[in-house]
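So the structure is just underneath, and the comments pick up after that.
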Amino acid sequence: MKKTFKMVTAALLSACIITLLAGQVVFAGAPVSTPFANAGKPTASSTGVRGFVERLYTLVMDRPGEVAGVNSWVNEITSGRQTAAQVIHFFFNGPEFATKNTTNNQYLTILYRTMMNREPDAAGLANWLEHLNNQVSRNFVLHEFVILPEFTGICAQYGVTRGDFPLTEERDQNPTITAFVNRLYLNCMGRPGDVAGLNNWAGLLIKGQTGASVVDFFFGSPEFANKKLGNEDFLKTAYRTLLGREADANGFNHWLGILGKGASRRYILNSFIVLEEFTNACNAAGINRGSLALTNADSPNAGNSMLTVTRNGKVVTDYSYNILARIVAAEVGGLANAESYKAQAIAAHSYILARQAGGTPAPTVPDAEPSQQVKDAVASVCDIVAFYNGKPASTFYYASSSGQTNSSSAFWGSSQSLHPYLVSVDSHHDVNATGYKTTKTFTRAAFIAMMDATYGRTAALQQVYDTQPPSSWIQMPPYNASGYPSQKSMVSVCGRTPSVEYFYQNMVKIRSAAFTVQYDAGTDSFIFTSYGYGHGVGMSQWGAYFFATKDSWNYQQILAHYYPGTTLGTI
């Protein structure tokens with residue numbers, strides 16, 4: 001029975017070859033003229049080529065080659081019309097091989113024997129099986145075997161030109177992208193990707209479409225909608241599809257709670273998209289990750305509050321959640337604590353509203369891409385504001401204090417009644433802040449150059465430089481109990497009187513308003529020592545972080561401490 005089957009398939013292959021080669025044969029898209037009727041006995045130069053062709057019949061078709069078929073392929077190769085790669089491409093893509101219905105394992109075993117002259121090794125077989133299971137075409141694997149040194153050596157042994165053939169399907173252009181798309185199909189749709197779909201999405205991703213937009217399409221498709229998944233099954237699917245793993249219990253319950261608070265499923269998807277696992281998958285495939293555009297309706301616990309700010313030089317109006325998440329990321333994103341994130345979000349929100357009420361319609365704010373932890377924290381407080389006497393409070397903040405915050409009246413010289421909640425309070429943890437104590441040294445020449453850049457070289461200043469000792473050039477005002485120089489008295493610098501704020505920020509450009517200055521005669525230099533980072537009025541960001549992490553304060557306690565007398569409410 002087996003012998004009969006081989007005779008039938010041999011006849012079929014011969015008939016197919018005769019039919020295809022009667023006019024033109026197309027190998028990988030390239031038409032080749034093949035006058036099959038003139039295919040006669042091979043010449044002497046085709047002896048090695050004949051061995052090559054007969055070997056293909058034996059290994060690929062599992063039978064001896066019929067004379068006509070062997071002679072035809074020998075003439076195709078010796079005439080230069082076909083290369084070894086093109087012939088092999090036909091053998092593995094022809095109708096006779098298709099009738100074998102080989103599994104991927106069987107297909108790869110035949111490839112190893114044909115192209116490498118050996119049985120497959122376990123590691124190599126597993127690698128190529130993974131590629132095929134990720135839905136690249138068999139031609140992709142065949143092409144990879146064609147260009148291996150082993151097959152090049154086989155071609156040299158038989159005296160045939162190896163050649164190559166092009167890969168024409170999008171799914172074969174980048175196997176990592178194809179695996180990315182197939183993962184979406186398997187985990188989101190519950191099935192392997194179909195050829196048309198794989199080629200479509202692989203092609204779009206190669207051209208620059210973002211991973212986020214493809215995810216959005218899959219989860220928003222009618223096919224996915226027809227699955228009618230509840231929130232729990234939706235989350236399990238999102239974990240598998242975007243993060244490539246099963247859900248951990250804590251994370252699963254967290255996101256289930258967020259959905260229960262009214263977040264949309266697109267909010268969850270975007271939250272997963274920006275996580276490290278999905279970002280790494282996109283980076284590995286060379287895909288632009290992107291993100292989803294969310295509206296206020298997507299966010300949990302977000303009302304209709306909007307904010308207008310100036311960000312990166314542009315005026316932006318957006319939902320408070322979106323604005324505040326980016327501010328918090330820029331201000332304290334590296335201080336990973338949810339309660340300090342919440343305190344920062346509320347302080348920023350209140351500050352923006354107070355500035356707007358004071359005549360600044362679009363206050364300038366910093367900007368950074370928020371982490372998921374930042375987004376989660378901000379989502380729970382994005383409509384909460386600190387009020388004083390029914391109005392949004394001017395909740396100033398900065399990086400770190402001297403160990404005690406400064407009052408607004410001491411720093412700006414304003415009446416304390418304007419901001420009765422901006423008073424000096426304890427912030428002793430700040431001494432542990434990164435860069436708490438810093439120094440900056442100016443030689444006499446460098447200090448004079450700084451003064452020239454600020455005021456120009458006037459006759460009065462030149463007289464100071466010529467007649468007064470450097471130790472007398474800077475006269476600091478009295479220091480208050482918090483360790484800050486009083487703004488009211490200004491700083492006396494060579495007869496000039498800049499404000500403390502202008503002097504430390506714009507002239508000497510040191511980190512903190514809590515600073516001292518000393519002239520060192522030995523080096524003829526001015527040494528500025530600063531404590532903390534910023535003006536010191538209001539909330540210390542490092543202090544908030546330390547109170548949360550060392551003393552387990554929540555955001556309400558943090559804000560009540562740094563802005564005493566204010567109350568929290570929603571808008």
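What size of dipole, in debye to the nearest 20, comes out for the chain about its Cα centre when the only charges are +1 on Lys and Arg C-beta atoms and -1 on Asp and Glu C-beta atoms?
On the way: 42 positive and 39 negative charges, 129 e Å.
Magnitude of the dipole: close to 620 debye.
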Checklist line | Equivalent ellipsoid, region 177-268 (semi-axes from 5 times Cα gyration tensor eigenvalues, Å) | finding: 25, 13, 13
Next item on the list: Please identify every one of the trypsin sites (Lys or Arg not before Pro) in region 178-281 that sits in a loop by DSSP and has no more than 10 other beta carbons within 10 Å of its own beta carbon.
Entry: 207, 228, 245
Note to self: Among (i) 110, 63, 39; (ii) 96, 95, 55; (iii) 89, 56, 41, only one was calculated for this model; which label is it, if the read-out is Cα extents along the principal axes in Å?
What the structure shows: (i)
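Any idea what the dipole of region 114-249 comes to, in debye rounded to 20, about its Cα centre with Lys/Arg Cβ at +1 and Asp/Glu Cβ at -1?
Details: 12 positive and 16 negative charges, 44 e Å.
The dipole of region 114-249 has a size of about 220 debye.
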Checklist line | Selection from 458, 278, 348, by position along the positive dipole direction of the chain (Cβ) | finding: 278
Notebook entry, point to check: So between residue 127 and residue 554, what do we pick up on full extension, going 0.36 nm a residue minus the alpha carbon distance?
Noted result: 148.6 nm
Notebook entry, point to check: Using a Förster distance of 60 Å, how high is the FRET efficiency between residue 450 and residue 119, based on the Cβ-Cβ distance and rounded to 0.05?
Noted result: 0.20
Notebook entry, point to check: Toward the positive end of the charge dipole of the chain, about the Cα centre and with charges on Cβ (Lys, Arg +1; Asp, Glu -1), which of 305, 566, 237 goes farthest?
Noted result: 237
Next item on the list: Just grab the label-to-label distance for residue 106 and residue 156, each label 7 Å out from Cα along the Cβ direction, in nm (one decimal).
Entry: 3.5
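With every protein chain present, what is the per residue accessible area of region 153-307 (1.4 Å probe, Å²)? Please report the intermediate quantities before stating the final value.
Details: 6920 Å² over 155 residues.
Per-residue accessible area for region 153-307 comes out at 45 Å².
Which of the residue pairs 437/509; 236/261; 375/509; 314/391; 261/550; 207/375 have a Cα-Cα distance greater than 23 Å in the structure shown?
Working: 437/509 15 Å; 236/261 18 Å; 375/509 33 Å; 314/391 27 Å; 261/550 30 Å; 207/375 30 Å.
375/509; 314/391; 261/550; 207/375, as the Cα separations exceed 23 Å there.
Once neighbouring chains are kept in place and the probe is 1.4 Å, which whole percent of the accessible area of region 304-452 is contributed by carbon and sulfur? Walk me through the numbers on the way to the answer.
Details: 2990 of 5750 Å².
Of the solvent-accessible surface of region 304-452, carbon and sulfur hold 52 percent.
Report D for region 316-469 in µm² per second (integer): Stokes-Einstein, Kirkwood Rh on Cα pairs, 25 °C, 0.890 mPa s.
Details: Rh = 18.6 Å.
Once the numbers are plugged in, D ends up at 132 µm²/s.
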Next item on the list: Express in whole angstrom the spacing between the alpha-carbon centres of region 379-410 and region 277-336.
Entry: 23
Margin query: Can you list residues from other chains, or at least 5 along the same chain, whose modelled amide H is less than 5 Å from the amide H of residue 568?
Written below: 387
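If you roll a 1.4 Å probe over the heavy atoms of the protein chains, what accessible area per residue do you get for region 444-571, in Å²?
Values: 5670 Å² over 128 residues.
Here the per-residue accessible area is 44 Å².
Run the numbers for residue 523 and residue 465: contour at 0.36 nm per residue of separation, minus the present Cα-Cα distance, in nm. Before the final figure, lay out each step's value.
Values: separation 58, 0.36 × 58 = 20.88 nm, distance 1.68 nm.
That pair, residue 523 and residue 465, stretches by 19.2 nm at full extension.
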Item checked: Interchain or long-range residues, amide H under 5 Å from residue 397's placed H -> 539
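The values are calculated or read from the model by the stated rules, or taken from the named source; none is laboratory data. Source: prediction; values computed, not measured. As a convention, Cβ positions derive from the backbone with ideal geometry for all residues, glycine included, and neighbour counts pool all protein chains shown. Ligands, DNA and RNA are stripped out before the accessible areas are found, and what is left, the full protein with its side chains, is counted by its heavy atoms. Shrake-Rupley method; radii C 1.70, N 1.55, O 1.52, S 1.80 Å.
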